[in-house]
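Undergrad: Please read through the structure below; I'll follow up with questions.
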Amino acid sequence: MVNNLLVEKTNSPKAKPDQKNLGFGKYFTDHMFLMDYTEGKGWYNARIVPYGPFSLDPSAMVFHYGQTVFEGLKAYKTADDRVLLFRPDKNMERLNISNDRLSIPQVDGDFIIESLKELVKIEKDWIPVEEGTSLYIRPFIIATDASLGVHAAHNYLLAVILSPVGAYYPEGLKPVRINVESEFVRAVRGGTGFAKTAGNYASSLKAQEEAHKSGYSQVLWLDGIQHKYIEEVGSMNVFFKINGEVLTPALNGSILNGVTRDSIITLLKDWGIPVVERQISIEELYEAYSNGTLEEAFGTGTAAVISPIGELNWLDHKMILNKGEIGELSQKLYDTITGIQNGEIEDKFGWTVEVESVKLV
Ligand code: COI
């Protein structure tokens, strides 16, 4: 039970969407969590209220200078009707890392987790149970000062909204075609690449659009300085299996520290599969492809969990991976992570957090 949390329930609940056709992030539940911040006062007025539009001054700083951060995590309903969150502490840790980079005040992660548990409890009938579905939780913070001066805001709004979701990519677990981006960059060291902030995503859209025009689902990002080292794929972390060893780019300041990335590294180590975090150049990748040792490639993120890569296009070089099929390891990782998330596989790492059914305030 959370103290100081006001709950106002809606009088007009919405019809629930068809669980077989959810897509990603298209439907929103009946309630949301909000909390305000004012300098000198701190975070206050935590409340669960009916889902609906915000009223903001047109000069609100978030609209002009993008001072905002967000997170993404999921809730699952188990076969025996329990509700589980997956590693919410990692999201709160990262939220505060993003806050620090964006000059947004720190939040009390434990309080946000307890509040979002209350929200999920209220919305538990919205948690879909069809294969491959979950309730996506989107916490975010925006700068609300009505001011056009460029400086850190003094007022913020934190919100948590919930969306029943299916697969992130329409392809689902079908391997996607990826273009290695040779013009645009996503982030540079010293910038905001490691933070979950809107600008990183806004600046990636152009490359994504260009890739779509040429028939690719997404781009593989190379580093912003030498255009040589692999960083991320689309909005996900990326892994390669080369000659029995799994490689992923080391966190270098311009790569997001993914919760799924961390979970995969932990699982691979537990299974005794060698996993190495280091710089990986695109030349090295192509060489591994050419000598037949590039076995699998996949993106990882909360939204898609695992997104297998079936083809990589680098300048004039085409790499077709695993005959365009999902690899054995990619499938095993997907099955294990989603199995732990929905309570079908024993959670020996203590990653899941149960949303207890205590009485609401
Ligand atoms: C994720 O993989 O969870 C992401 O970050 C994608 C999200 C922006 C929808």
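Undergrad: Return yes or no: is Lys77 surrounded by fewer than 19 Cβ atoms within 10 Å (Cβ to Cβ) and basic (Lys, Arg)?
TA: No, not satisfied.
Undergrad: Answer yes or no: is there a residue in segment 345-358 that is assigned to a loop (DSSP other than H, G, I, E, B), aliphatic (A, V, I, L, M) and free of Cβ contacts under 8 Å to residues at least 40 places away in the same chain.
TA: Yes, segment 345-358 contains a residue that is assigned to a loop (DSSP other than H, G, I, E, B), aliphatic (A, V, I, L, M) and free of Cβ contacts under 8 Å to residues at least 40 places away in the same chain.
Undergrad: Oh, and also: Inside segment 99-201, counting only strands (runs of 3 or more DSSP E) that do not spill past its ends, which hold 1 or more residues that are under 24 Å from Gln341 (Cβ atoms) and of a type in the set (Gly, Ala, Ser)?
TA: 134-143, 155-165
Undergrad: Do you know which residues across segment 326-346 are in contact with a Lys or Arg (Cβ under 9 Å, 6 or more places away or on another chain) and either farther than 14 Å from Lys241 by Cα or surrounded by fewer than 14 Cβ atoms within 10 Å (Cβ to Cβ) (or both)?
TA: Result: Ile340, Gln341, Asn342, Gly343.
Undergrad: Contact list please: Cβ distance under 6 Å, first residue in segment 19-48 and in the same structural domain as Val160 (by TED's automatic domain parsing) and in a strand (DSSP E or B), second residue open to solvent by 20 Å² or more (accessible area, probe 1.4 Å) and within 16 Å of the ligand (Cβ to nearest atom), pairs at least six apart or on different chains.
TA: From residues that are in the same structural domain as Val160 (by TED's automatic domain parsing) and in a strand (DSSP E or B), the pairs are Met32/Ile161.
Undergrad: Another question, if that's okay. Provide a single number: the residues in segment 202-237 that are among the polar types (S, T, N, Q) and assigned to a loop (DSSP other than H, G, I, E, B).
TA: Of the residues in that region, 6 qualify.
Undergrad: Here's another thing I want to ask about it. Looking at segment 52-74 only, could you name the residues that are surrounded by fewer than 16 Cβ atoms within 10 Å (Cβ to Cβ) and over 18 Å from Leu148 (Cα atoms)?
TA: Listed by number, the residues that qualify are Gly52, Pro53, Phe54.
Undergrad: Out of the strands (runs of 3 or more DSSP E) lying entirely within segment 261-343, which hold 3 or more residues that are touching a residue at least 40 places away in the same chain (Cβ under 8 Å)?
TA: 294-301, 305-314
Undergrad: Could you give every pair whose Cβ atoms fall below 6 Å, whose first residue belongs to segment 235-254 and is not assigned by TED's automatic domain parsing to the domain that holds Ser217, and whose second residue is within 16 Å of the ligand (Cβ to nearest atom) and outside any strand (DSSP E or B), counting only separations of at least 6 or pairs across chains?
TA: Cβ pairs passing all conditions: none.
Undergrad: Still on this structure, I have one more. For segment 238-250, does any single residue satisfy the condition of being in contact with a helix residue (DSSP H, G or I) (Cβ under 9 Å, 6 or more places away or on another chain), open to solvent by 10 Å² or more (accessible area, probe 1.4 Å), under 25 Å from Thr352 (Cα atoms) and part of a loop (DSSP other than H, G, I, E, B)?
TA: Checking segment 238-250: not a single residue is in contact with a helix residue (DSSP H, G or I) (Cβ under 9 Å, 6 or more places away or on another chain), open to solvent by 10 Å² or more (accessible area, probe 1.4 Å), under 25 Å from Thr352 (Cα atoms) and part of a loop (DSSP other than H, G, I, E, B).
Undergrad: Taking the condition of being in contact with a Lys or Arg (Cβ under 7 Å, 6 or more places away or on another chain) and away from the ligand (no atom under 16 Å from the Cβ), how many residues in segment 62-116 meet it?
TA: Residues that pass the stated criteria total 1.
Undergrad: Are any residues in segment 57-82 β-branched (Val, Ile, Thr) and under 19 Å from Val259 (Cα atoms), and if so, which ones?
TA: Across segment 57-82, the qualifying residue is only Val69.
Undergrad: Any idea which residue in segment 9-51 is nearest to Ser115 (Cα to Cα), counting only those that are of a type in the set (Asp, Glu) and buried (at least 16 other Cβ atoms within 10 Å of the Cβ)?
TA: Filtering segment 9-51 for residues that are of a type in the set (Asp, Glu) and buried (at least 16 other Cβ atoms within 10 Å of the Cβ), the one nearest to Ser115 (Cα to Cα) comes out as Asp36.
The values are calculated or read from the model by the stated rules, or taken from the named source; none is laboratory data. The structure displayed is predicted, hence computed values, not measured ones. For neighbour counting, all protein chains shown are included, and Cβ atoms are generated from backbone atoms with ideal geometry for every residue, glycine included. Quick note on the areas: whole protein, heavy atoms, side chains included, nothing else; ligands and nucleic acids left out. Shrake-Rupley method; radii C 1.70, N 1.55, O 1.52, S 1.80 Å.
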